[in-house]
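Worksheet for the structure shown next.
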Amino acid sequence: MPEAPAPVRTSIIPKRLRKESRRRPRFRVSIQSKLMVLLLLSSIVSVAAVVIVGYQTGRASLREAAYERLTELRESQKRAIETLFSDLTNSLVIYARGLTVVQAVAQFTAGFDQLADATINPAQQQAIVNYYNNQLIKPVERTTGEKLDITALLPTSPAQKYLQAYYTAPFTSDQDSMRFDDAGDGSAWSAANARFNGYFREIVTRFDYDDAVLLDTRGNIVYSLSKDPDLGTNILTGPYRESNLRDAYLKALGANAVDFTWITDFKPYQPQLDVPTAWLVAPVQADGRTQGVIALPLPIAKINRIMTANQQWQSAGMGRGTETYLAGPDSLMRSDSRLFVEDPDEYRRQSVAAGTPLDVVNRAIQLGGTTLLQPVASAGLRAAQRGQTGTITATDYTDNKELEAYAPLDVPNSDLHWSILATRDNSEAFAAVAAFSRALVLVTVAIILGICVASMLIAQAMVRPVRRLEAGTQKISAGDYDVTIPVTTRDEIGDLTAAFNEMSRNLEIKEGLLNEQRRENDRLLLSMMPEPVVQRYREGRRPLPRSTKTSR
């Protein structure tokens, strides 16, 4: 009988169990996913910790650097302003002690006294009235909205009338009256003016003063370079007795020190069309006695040149949102706003929007400056007025958030209780912080993306041997024992792969032995029973009954 072919191997595991072994959970999470999540979480947590610490440290360093730069700017401007006042007072002492000023006070006083009985004609009187109406009353009323009584302002004494008839009324501009040295009337006062007017004009022109004034010991303004309506008036009893010049004059007149000086705060001065004016005064002495007082208007132009860096903000290291200014105890500016200087229309828009009255803004534009007009109600100014020095984040006069470096100003022998502020818009001050934050966010996102890609690749590389093992196991489960998986790692997975290969070889050998044994059993069965019976036995069916066999 020929040898039967080897039977097809069937698994000894029941079909139900085989199906259950292949069944997977509905929400199965693979090892690769778990590894990716683990790597991502650990990496992102580490990156987040580093980023948070770096952000806090970097942000603090950049903010501190912004504060330091603003503080340096404030201190630089503070030194410059205090040096300016020191230079002004020292120069005033030199002028007051100089022989020229001493002689000028004496000669102008004598010339003024000689005009006690001087007279003017009706035409000159009318010229004075016209001058007051056109050059003083109307401009002041137009600017301030106040009604002025001309009779209270017109000159009353003969000397005042005479001087204003010859030196004030004929001119419509200060520049013309300053250049007019001699009216040719033959008076002693005109002789003194012809001699000394050029000297005072040189001082005013070279050092940016608006005027130069000499007063005698009785309060009379015996000389004025600009020949404004205050010429010849009495500062103690005349129409301008409420001005800050009166208080400064009394201080200088009562001083005993030869080098005494005094500086007043700004206050509207009517003879100069209510323009805010501050005064530097010093006594003029001769032979140990006070002969009079010299008074110079504080040169606001010099102050503004310093506080605005001569309008060269960029070259001075100031950005577009940086400025320095002075403010007084009344919370009003004592120097010009940078926004006003650069763009008056934008200044008007922002200031009014921030709550500054429109009439105040319009007056600032009419006068050409924000001194004694623009209110500043910032926290830094309030702190400086309390004598404190420091930095703070506050809201400025245009309602913008800004960084402020503040300090009180130290000006001896003065009424100046001023503060200096260096300010910078937050958007500009912390631009480096914002740029650093953006860069940090971009770098963090890039790192996280890199981590995601790296985690996926690492997880795939780590799971790849496991997947090969899974595929090999499935082949073995299907009856294919001729499976060899390459060992690519020298770790536990590599050991597991080697053990799997060893198991596969052992199973293959055992399968061969089993097949050999099965073939041997088939030969024995065929030698003992007919082939149909053997076939039924192979297929797991019961053999036919004996009677059936006998009948065959």
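How many nm is it between the label spots at T205 and D343, if each spot is 7 Å from the Cα in line with the beta carbon? That separation, rounded to one decimal, is 3.8 nm. Each 10 Å bin from 0 upward holds the following percent of the Cα-Cα pairs of the chain: 3, 13, 16, 13, 9, 6, 5, 5, 5, 5, 5, 5, 4, 3, 2, 2, 1, 0. Taking 0.36 nm per residue of sequence separation and removing the Cα-Cα distance, the V360/A498 pair yields an extension gain of 40.4 nm. Placing R0 at 35 angstrom, the Cβ-Cβ distance between R536 and D480 gives a FRET efficiency of 0.75 after rounding to 0.05.
Computed packing ranks the peptides 416-422, 452-458 as 416-422, 452-458, most packed first, by mean other Cβ atoms within 10 Å.
Positive-end ranking of I485, A383, A191 along the dipole of the chain, with charges on Cβ about the Cα centre, is headed by I485. Taking a quarter of the surface of the Cα convex hull of the range 98-302 gives a mean projected area of 10.8 nm².
Of the peptides 366-372, 117-123, the ranking by mean beta-carbon count within 10 Å, highest at the top, reads 366-372, 117-123.
List the relative contact order of the range 60-182 as a percent without decimals, with contacts defined as Cα pairs under 8 Å and 6+ residues apart.
Once normalised by length, the contact order is 25 percent.
Please give the charge dipole size of the chain, origin at the Cα centre, charges +1 on K and R Cβ atoms and -1 on D and E Cβ atoms. Round to the nearest 20 debye. Provide the component values of the computation, followed by the final result.
Working: 63 positive and 61 negative charges, 1336 e Å.
Here the size comes out at about 6420 debye.
For the listed peptides 482-494, 261-273, a ranking on the average number of other beta carbons within 10 Å per residue, highest first, reads 261-273, 482-494. In terms of its C-alpha gyration tensor, the range 365-404 comes out oblate, because a/c is 1.5 or above while a/b does not outweigh b/c. Please list, in order, the residues from the range 94-135 whose amide nitrogen is less than 20 Å from a point placed 7 Å along the Cα→Cβ vector of D176. The answer is 121, 123-135. Among the trypsin sites (Lys or Arg not before Pro) in the range 338-424, those located in a DSSP loop and surrounded by at most 10 other Cβ atoms within 10 Å of their own Cβ are R386.
Short-range pairs are left out: with C-alpha atoms under 8 Å and at least six residues apart, the relative contact order of the range 320-429 is 31 percent. Candidates I476, P465, C452 compared by Cα position along the dipole of the chain: farthest toward the positive end lies I476, with charges placed on Cβ. Applying a DSSP loop filter and a limit of 16 other Cβ atoms within 10 Å to the trypsin sites (Lys or Arg not before Pro) in the range 119-184 leaves K147.
No lab work stands behind these numbers, since they all come straight from the coordinates. Note that the structure is predicted; figures quoted are calculated from it, not measured. With ideal geometry, Cβ positions are generated from the backbone for all residues, glycine too; neighbour counts draw on all protein chains shown.
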